[in-house]
Structures are given as structure tokens and as C-alpha cells.
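The values are calculated or read from the model by the stated rules, or taken from the named source; none is laboratory data. Computed from a prediction, not measured in an experiment: that's the story for all the values here. All Cβ positions, even for glycine, are placed from backbone atoms using ideal geometry, and neighbour counts span all protein chains on display. For accessibility, only protein heavy atoms count, side chains too; no ligands or nucleic acids. Shrake-Rupley method; radii C 1.70, N 1.55, O 1.52, S 1.80 Å.
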Amino acid sequence: MLEVRDVRVSFGDTPVLRGVSLEVAQGEIVCLLGPSGCGKTTLLRVIAGLEQPQSGDVWFDGQSVLNVPIHRRGFGLMFQDFALFPHMNVAQNVAFGLKMLRVPPAERDRRVRDALELVGLQGFEQRDVARLSGGERQRVALARSLAPNPRLLMLDEPLGSLDAALRERLVVELREIIRRVGLTAVYVTHDQHEAFAIADRMAVMNAGVIEQIGTPQAVYTRPVSTFVARFLGLNNIVPVLRQQDDTAQTALGNFHVSAPADALLLHPDGIELSDPNAPGAIAGSVEECVYLGDSYRLQLRAADGISLMFKLPAVNHLPHVGDLLAVQPARVLPLANGRLG
Amino acid sequence: MRFRFLLVFVLFALGFVPVLAQDDTLTLVTHDSFNVSEDVLAQFEQEAGVKVEILRSGDAGTMVNQSILSRENPLGDVMFGVDNTFLGRALAEDLFIPYESPLLEDVPDEFKLDEQNRVTPVDYGDVCLNYDIAYFEDNDLPLPESLHDLTKPDYRDLLVVENPATSSPGLAFLLATIVQFGTDGDYTWLDFWRDLVANDVYVSDDWSDAYFNQFTAGGGDGTRPLVVSYASSPPFTVDEDTGQPTTASIVADGMCFRQIEFVGILNGTDNLEAAQQFVDFLLGVPFQEDLPLQMFVFPVNPEAELPQDFQQFGAVPEKPATMDIDDINAHREEWIQAWTETVLR
Amino acid sequence: MDSGVDRNRPALGGLWRGLLLAPLVFLALFFFYPLLSIFAVSLAPDGQLNLGSFVEIVTSAYYRETLWFTLWQAALSTLLTLALALPGAYVFVRYRFPGKSLLLALATLPFVLPTVVVATAFSALIGPRGLLNTGLMALFDLDAPPVQLERTLAIILIVHVFYNYAVALRMITSFWANQNPRMEEAARVLGAHGWRLWRDIRLPLLRPAILAAGVLVFIFTFTSFGVVLILGGPRFATLEVEIYRQAANLFNLPMAASLSIVQIGLMFLTMTVYTRLQRRIAADVVSAGYVARRPRNLRERALVLANLALLVVLLFAPLLALVLRSFMAVGAGFTTQYYRLLADNPRQSVLFVPPLQAIGNSLTFALATTALALVLGLITAYLLSRRDTGLVRWLDPLFMLPLATSAVTLGFGYIIALDEPPLNLRASPVLIPLAHTLVALPFVVRSVLPALRSITPSIQEAARVLGASAWQVWRWIDLPLISRGLIVGAIFAFTVSMGEFGASLFIARPDTPTMPVVIFRLLGQPGAANYGQALAMSTLLMAVSAAGFVLIERLRAFGMGEF
């Protein structure tokens, strides 16, 4: 369906995309996740045609679209600031793409109505866009992108400007709508929760490259690089001092790993309290303990000042700051410092 | 819809076409004081087969300056009204095509100031003081006998003159004072003007304001009984009841300055033949006889007969002040500037 | 990703890029080239460096006095204006009364009125043939007009106040209304009252606004031309008038050019001061603001009434007098003959064309000016709205420069510069719309620019992605968004062109005069008919300007424009 092949873009001397490849299948929602400045928006703009890559290619439906002008690509793009046309009302905004396609007025009206209904804005046709709430504006922008039946929908931080509570609600809605229409979508965000909620697959980007791509579950449970791990909030990272075959030496002892690693991730999901004398147990003092309702979040200071964070079920006895504890990591994953292969 | 709005603008802008003179019209560039009887002009138009359009462009000085500035695309075909005070500049700037009218023969030599006949004299007039006879009689005031008398307390608040920078009689009067008092010595012309200012002289920007608005006998609500005008002005103030003029001019020696007005064919005319005919027309008897009553001046053609009132009340000074046109041309601006500094500031 | 945004606004074709150069070329040809010619004529009149005129300006008492007069009449006008506008601003900030916003809007009307019209209006009110004098003469059976203000400094100052009162009033009012009232309240609690409150608190707090308004009024009155020329008579000359006099009457081009340079220099300095002060005003605004209330006691009511009376008398009496007088026959009956005379062109007339044709000329010139200024102004605004070039910061004041240059200087520059092929336009009527366009251009740019800057790149990109071609983006997104600014700019251009006097007086040919030039010529002629025609024509011109002004105010109510 959509195929991005080794795309490179630089602004002046600054490389922004350093060889990015990506495939998106029909009906799939792919999330581009990364911190600001990682190149995710630029990648989106290259796909939309708003940016010309210095090299690489973009294919859609079996042919290159690189030389197809923006307005002929038949893609939809939703902007972070929604970019609603201030001089048009809701219906006129939604109808704009249809008008450009020279859809006859009667059909246009029908499709505008359908699109507004899809996003739950029936009856908003004549409203002035300046008088809409943030959530309503977002829906208008979505309806406007959907109305011309784009072959591909791109969303650039579509919830970025909304508050957290609204975001949480809308992201589910958004997924539902995209699913219902059966659209292929590329979704850009810097918020992992948003990505988890909406993506079939997500690509974590850093400094102009995709570091890891896979289902949200796969990426979360098995991050492949220190960047991906940290970006997902997995901070129990221990540098590897020396590695011999399957054994990696660290400040917290030796661990068995299946691949060469620059660092090890002690995945917090598998950490449990253990007997301090058990083999592989890691001892440390409690640095912080926060009650979260169903669990505690514990921060343990282990050897060499390495900090480990994990959760304990709330049924356990609440440790105090300063207590000495030992834990046993269940899953130790090898991490690379940069992009893997 | 907004498009149409813009479009209309553009069309209007394109539709703008400069006014072009047609072949069968002759445009006469002249000063604001030019006048001619309609029937006299109509007769010429009929004979020459052209229509005359009259383009008045301010006083004689402004007219000459404007013509110099628009030399590349002349304002008209003929210029009438350049006088000896501005002739030097007009000749230096090559405004005219020489033309020797057959009628020039009869004109006395004293009026012919250009040997190449680039300009042809048409009329002359003497710029003199005019006074309101009734005022002087009622107040038992003697007439000033010399320019210097004007600085006496008797004539305080009585005189109105024209600004020489914007008016040709004003310039002529200025020249008369220079001829009279000279540019150096114990009492120069500037000293005289300083005394005039001390005596509350009033300065108008042009002759019509001075005569019609400031002069007591000019028909307006003026308050000053002495005005710089022409020796030929009084015939125009003849009272219908008494048959006598209400004003008279003072023509004592040296108190007047002789102005000669010329006509020239403008360089760049595309109607040379008609232009030459027009010059002949201006020298011809009908126009020359029409001149005095229309423009307060005397014809140069000796065959022209003066109107009755003119013969009776129009005075010609015996010894008007005169000055070489080259002298005038060399110092005109310097004098006007000095006058402005002394009188106006 | 901002760095990437502008590079990829709808791709600029070569043609479009060439178009961006058009305003620069225009400015170079019709502003800088004439200006440079003035430099050349003044510094090297005969091809060799000769600073004679400058030496004369410095050494001659005459020019020093002209400069001195220009300065002090401007200073005095400014002080008078401020002295009247300050209490007015106080009343407008503190008190609520019926018709307040309408009055404040109307007060700006004089600003768009041509000087010729204003001069005629004042002559119709307090001139020797004006309503006041004819009224008094009839009432007391007088022989001579009792009020003799023509050709005095007083009338120059009065008209300057008339022109600038509203400018100062609006500037001070808007600054004051936005000031934090707590400061004054604190001072009152601390015991300040009466004149000490003014001296120690109010005036110091208002200083930036008073200074900015003062400098602006100073600029306007320093370059005063029509008012001084028509109402002041030969005894008064500002630099601007002297430039005209030297060039048109005395033909002393080097001196006129040197004076122009002195004026440009002084104006540029003052403009710099002004833009600095204006930036300070913008920075000082606090959102709290005063709340206006109804005047409570007799004293407050009297204060409000006195200021409103001043406003009404100062602003509307002359305009009313103009209209009335234009319908008054010599014997004081009603007549429309002056208007009917406008269609005639007897051969005795000082005008080459019937006055009616001057109206046609003015309209044609104004339409041409509007079209040209719109196209160039639009392109300029696009040029200035590009965020990616450091060039813009440098270009912005460049396009404002024509505002700081006097119209007479401009007209004079045209006369001496545009006299050689291929730009031999000196004797062509095309010069007039060109000069007017230069004067109108900053107004168009300032009207369009804020709208253009409000169009974010993402709006255009959204339209592109939704299937709009570059042209369609402009047609459906840019154009509708800037249309109101464009219309405001168009009206400005039109009004400016209709009323422009200084440059037109220089470059208008007698066969294609404009309305202000014709009014000026008619005013200089004797006779009731000429004067009446001048009044009638001024009334028409005022109607055009006022209509334009009302349109601008209505459109500006929607928040358009930077003025």
C-alpha cells in the first residue's frame, strides 16, 4: 500500500530524516512516535508532498507518488492546529475538499452531512469555526479530512493541543471512526499512551531514523534500544561492562543474554521481591515508595547508584524509605545504544 | 464577486487615456490675465479653420517655468504673454521657433527685443501706481510725486503691491524701484522697500487679488486706495453716471516700468501653419484694437485705433523705467529672493 | 519543524518570484531615483560638486528663519493640539456618555480630508467672505469683516489643531484606557490630589503616549503645505512651501533640492524617534484598564460638555460652513448655481477644462492609483509576510519611507528625474497616479499585512492536501482572508489620491488638472463665481473623502488594519 523507501531530508546542513523506510498495509493504522525534532512530522510531510526528499522514494498503490503534486495525491492530512479555514463555517470547511474535487453540490451536501454525523457534529453545519470548543474543532478537522474519502489519512499530533482528559476520550473515538471507515492511516504523536491506544503498529523515531517498529505490545515488552526503552518510560537500564558470549557483566552482577548488548533492561513488569540470598537477587535500599491505589511504585537504589523502579501489588506490606530490599528481575533484555541493523 | 470588483478597477485604470490635442485645434498657452472678445477670436477660428483652446497657467513666470519643464511634450502650440521680465529665461531655454510675421514691419523697433524673431511683440503696458480719486479728494491727500514719497507717513497703510515671485506686475514694479534707487549706494532699493514695510505695505500674491480685493476702487471690499496696476487700468473704472473714471494712474518719471508682452511659437508644435497664422492674427488690427479693453494694455501696431476711453483716460508715461532683458535675466531670482527676505519675512 | 515550513509554502514559480521584484523596481524607479536626482541637482548642479546651496541655507538668515519658522510653528501647533487633546482624552477615558464611540470615530474624519478642502472650509467659516464674517456684518451692519484671520499665524495654528486633535486624542485615549487604574488609585490613597495628581502621576504615566502623539503631530505640521500656502499668504513659508516656491516660482532647482534634503533628513530623524516611541507604547499596555462611568456632579458634567463642545465646534463647524456656503448665493439666498457652473468652461475661465472634467480626472487618477497600489501593495505585503528572510526586517521600513517624504519633494523629484527616455514622463499625466501610488502604497501594505500574517502556513497546506492547486489556494484561502484588508487599502488609496495636493500641484498639467489643483486655482481668482465653484468642488471632494472614511471605519470595526 504505502511504501517509504530510504527517504532522506535535510534542512540546510541539518539532516532531519536519515534514511527512513516504512510500509503501511491497507487498513492499517501506523503510529510514528518520538520526541519533538525526531523527524516524524517531516516524514508525514514527505508522504503528503509538502516536503521533497533529497533522496528516497514514496510509493502508493504500486507506483511512486513523488512527482504527483500535493493536491493530486488524494491523501488526507489533519494538522496539529487543525488549520480550519477561519472564513468558512463548519459545513464550508468540510465541503472544501469536495469542492476541489468538483463534486456536484447535492452530493457534496450529503457527504458533508455524513462526515459530520460520523464525527458526531450533526447540526453544526452553520456554526462559525471560531466559536467551537477544542474538541469540536478537532472533529471538524477530522470530518474535513474524511469527507473526500482519502486513500490515506495522516494525522499530525491531532490531539496535541487538547487537554489530557479530552485526549484520552477522543483517541478511542478517533480509532473507532478510522476503523469504521476502514482507512489506512499514519498517526504522528509524541505520546506513547496515544500510540498504544490507536496504533496497529508503531514506529519509534529518534534523530531522523526509525529505531524500532512493531505492534505496541511488541515494542513495549521488547524494546530494542536504550532510546526506545527510555522513551517508553522503561528506565531500569544497566550498562553492560563486559560481555562474554551469553553472559553480560554489569555493576549489578552477571546476566544471561541472547544477543550482544550495550545495556540491559530489567523490565519493570517482571520484577518481584525476593530473598536477598537467592541467586541473581539484587539488593538495594528503598528510595521512594508511592501508593497508587492498586499497587505501590517502588524505587530502589542498588549497587553503583543504579536506580530501579518497579511496581508491587498493594496487598504487600508497605516498605518504608530506607528499608533494605532485594528483588529478582524476571525479564532481562539486551539493548543497543543506537539503532539496530 | 470580489473579482469583478478588482476587474472593474483594472479596466478603469486601462481606460485612462491622456487627452491628446487634435489637429484642428490650436492650443494657446497663456497667463491668467489673458482675455479676448469672443467674436474677434471666432473670426480667426473661422478664417484659419482651427479651434483655439486657451490654456491659462498662472502668472507669466509660472507659465514660462511650466513650459520649460514640459518642453518635451509642449502644453500647446503658441505662447502668449511672456514679457520682457521673463523673456531672457524663455529665450535661453529655447522654447520658441523663430517666425517673422509680415506685420512686424509696422511695429516700432523699440518693442522688438529679439533679433532672431523667436518672439514677436504684441502689446505693451506701463506698470504704474493707480489711485482711488475719491479717496484722495475726500481726505485732501496730495498724490505721491515719487516712489520715495510712498515711505512717508501720509501714505501709511494705503499701498498694495503684488508679490514679484508670483506676479508679473509685481516684478515690474520691483524692477522700477531698482532702476530708481539702484543696488548700491547710501539708499538702495532694499532700503526703500524696508521703509515701505515700515509704512505697512500690503503684499498680494497676484494682481487680481490686489486690484479686485484689496484696492478700494477695484469693485471689491478693499481698503487700500493705492495699488500697483497698469497705466491703462483707469479707463475700466469709468463711472456710467458721470462718464469719468474713479481711478487714475501716476505716470511721473521713473515711477512706472514698461512691460512688453510677446507671442512665440512653441518648439514642438505640430500645427506650425496655424500657429504662424495666429501670430499674424495677434498683430492684426482686429485683435490689436480689442486688446486695450480686454487686457488693460496698449497695442504695438500703430495702425490700431485706441478706444475712446483709452484715448481720454489711458495715460502713457513719458519716461518709464526700462531695463535690459539680459540684466533682468541675470539678476531676477537674486532680486526676488532679496525682496522676499526684506519684505515678507 | 518551523524551519521547514516556509521553504515549502506553495512552491514559487519563476514568474511569481519575478513579480515579487515589481514593488522594489517601482520603488527604485519612482522613489529612489527621483530622490537621488534631487541629491545630484543639489550637490552638483552643474555636474561638479557644489555645496553652495547648503552653505547658503546655513549662512543666510532667510533660510535659517524659514527653518526656524517651520520648527516653531510645528512645535506650537503640537503643544496646542496636546493641550486640547489631553483634557479631551481624560473625558473620553473616564466618562460614559451617549454617542461616545461615534464621536471618537467621527473625530478622525479630518485626517482623511484633503488640505485644500480644509483650507476652503475654514475660509468658508472665518474667512472675509465666510459665514461668521458675513453673519456678523449683517447683524451689526458693519462695512468690513470683523474677524481678520486670513494670512495670520493664528489661522495656520487653528487648522493644524483641527487636523491633528483627533490623532492625538485617539492615541492618548487608547493608551490611557488600557493603563492600570491601580497606580492612580494608589497615589490617591497616598494623598495625591488635584494638580499634583496630574503633575506627579498622570502626566508621567502618560508620557510615552503624549510623546508619541506629539512627535506624530510634529511630523504632520512640520511638512504642512496646503494650509500654509492657501491660508497663510505670502508672509509664511514652511520648508515645504519654500521648496515649492524655489522650484515653481524662482526656478532655483539646486536650492529647492537642497531644502528637500534638509527636510528629508529632519523627517527621517523624527520618524525614527516616532517608531521607537510607538514600540514603547505597544509594550506598556496593560490589560486591566479604566472603566468609564457617567459624569456624576455638575463639575464633571461641565467638563464633559466643554470638551464635547470643543470637539464639535472645532471639527464640524468648518465642514458645515463649507457645505452651507457652497449653496449660498451672493445675496445669501439658496442656490445650486456654483454646482451647475462646474460643468461650464467659458473661454475666460482660468481653467483649461471644465471643473467637471477635473472631477473626472481625479476619479480616473484615483482608480488608476488604487489599481496600481493594490497590485504593488499586495505583492509587497506578500514579500513582507515571508518569515524566512532577514531581508524583511530591512525591507519593512524601506516601504514606509515614502510616508516620511514630503509630497512636494516627491513631485519635485519627478520633475527633475523623469525627463529622459525611456522614462520621459515629465509631461505625461501618468506621473500623477505614479506619485499617488507611492503615497498610497504604505497604506495598502499596512492594511493587508496583518491579514496576510494571520494566514498560517498550515491553513494553506491543509487546502493543498484537500486538493487545491496553488492558484486555488490563493483564490479560496488567501484572497477571502485578505479581502477586507484589500478593500480598506483600496479605499485608502482612492481617498489619498483624490485629496493629494502637494505633488499634484507640481506635476499636474493644466490640461489634466485634479480636483485639489482646480480648487486651489479657483481660490486664487477674484469673483463670487470662482469662489463659489471652489466651495462647491471642495464640498464634493469632502463628500468623497467622508464616504471613503465611513467605509474604512466600518470595515475597521472588524479589526482590520494596523493604523
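Observations on the structure shown:
- Taking 7 Å steps out from each Cα toward its Cβ at C:V55 and C:D141 produces label points 6.6 nm apart.
- Estimated FRET transfer efficiency (A:R230, A:R301; beta-carbon r; R0 30 Å; 0.05): 0.95
- Region B:134-139 - phi-based ³J(HN,Hα) in whole Hz, Karplus 6.51/-1.76/1.60, Gly and Pro as x: 4, 4, 5, 5, 4, 9
- A straight line joining the Cα centroids of region C:181-219 and region B:118-160 runs 60 Å.
- Normalised by residue count, region A:26-184 yields a Cα convex hull volume of 125 Å³ per residue.
- Remark: spin-label model distance B:E137-B:Q43 equals 3.7 nm, labels positioned 7 Å along the Cα→Cβ axis.
- Fraction in percent of alpha-carbon pairs per bin - 10 Å, region A:148-249: 13, 38, 31, 10, 7, 1
- In chain B, the longest principal axis of the Cα atoms and the axis of helix B:168-181 are about 40 degrees apart.
- Percentage, to the nearest whole number, of Cα pairs in region B:254-333 over 23 Å apart: 41 percent
- At least 50 Å² of accessible area lost relative to the chain alone, listed for region C:429-475 with a 1.4 Å probe: C:S458, C:I459, C:E461, C:R464, C:V465, C:L466
- Backbone N within region A:302-334 under 17 Å of label point (7 Å from A:C289 Cα along the Cβ vector): A:302, A:308-328
- At least 30 Å² of accessible area lost relative to the chain alone, listed for region B:36-76 with a 1.4 Å probe: B:E38, B:I54, B:L55, B:R56, B:N65, B:Q66, B:L69, B:E72, B:N73, B:L75
- Cα centroid separation - region C:81-160 against region A:1-54, whole Å: 68 Å
- What a 1.4 Å probe finds exposed on the protein assembly as shown is 56% carbon and sulfur by accessible area, rounded to a whole percent.
- Accessible surface buried at the C:A interface totals approximately 2300 Å², computed with a 1.4 Å probe on protein heavy atoms.
- FRET efficiency estimate (nearest 0.05) - Cβ-Cβ, A:E125 to A:R18, R0 30 angstrom: 0.10
- Interface burial for B against C (accessible surface, 1.4 Å probe, total of both chains, Å², rounded to 100): 4700 Å²
- Ranked from largest, the principal axis spans of the Cα set of the protein assembly as shown equal 145, 77, 62 Å.
- B:S204 long-range amide H proximity, modeled H, under 5 Å: B:V161, B:E162, B:N163
- Viscosity 0.692 mPa s, temperature 37 °C, Stokes-Einstein D of region C:181-313 from Kirkwood C-alpha radius, µm²/s: 173 µm²/s
- Two-decimal log10 I(q)/I(0) for region C:454-524, as the Debye equation yields it once each C-alpha is a single scatterer, q = 0.11, 0.20, 0.24, 0.28 Å⁻¹: -0.51, -0.81, -0.99, -1.14
- Residues in the protein assembly as shown average 41 Å² of solvent-accessible surface per residue, probe 1.4 Å, ligands and nucleic acids excluded.
- With 10 Å² as the minimum drop in accessible area between chain alone and full protein complex (1.4 Å probe), the qualifying residues in region C:517-540 are C:R521, C:G524, C:Q525, C:P526.
- Where labels lie 7 Å past Cα in the beta-carbon direction, separation of B:E100 and C:T336 in nm: 6.0 nm
- Every helix of 4 or more DSSP H residues in the protein assembly as shown counts as -39500 (n - 2.57), and over all residues that averages to -15000 deg cm²/dmol at 222 nm.
- Rounded to 10°, Cα long-axis angle of helix A:90-100 versus longest principal axis of chain A: 70 degrees
- As a size descriptor, the averaged projected area of the C-alpha convex hull of region A:14-115 was calculated at 8.5 nm².
- Using a cutoff of 8 angstrom between alpha carbon atoms and counting only pairs six or more residues apart, the relative contact order for region A:78-219 works out to 24 percent.
- Long hydrophobic helices in chain C, taken as whole DSSP H segments with a C-alpha length of 20 Å or more on their own axis and mean Kyte-Doolittle hydropathy at least 0.5: C:14-27, C:61-94, C:153-177, C:203-222, C:253-284, C:298-326, C:355-385, C:391-404, C:431-453, C:479-499, C:528-556.
- As computed over chain A, the Cα convex hull volume per residue (Å³): 164 Å³
- Taking amide H as placed 1.01 Å from N in the peptide plane, A:V16 has its amide H under 5 Å from the amide H of A:V9, A:S10, A:F11, each at least 5 places away in sequence or on another chain.
- For chain B, Kirkwood radius (reciprocal of mean inverse C-alpha pair distance, Å): 21.4 Å
- Along principal axes, Cα extents of chain C, largest first, whole Å: 81, 73, 52
- 5 angstrom amide H check on B:V52, placed H, neighbours 5+ away: B:L26
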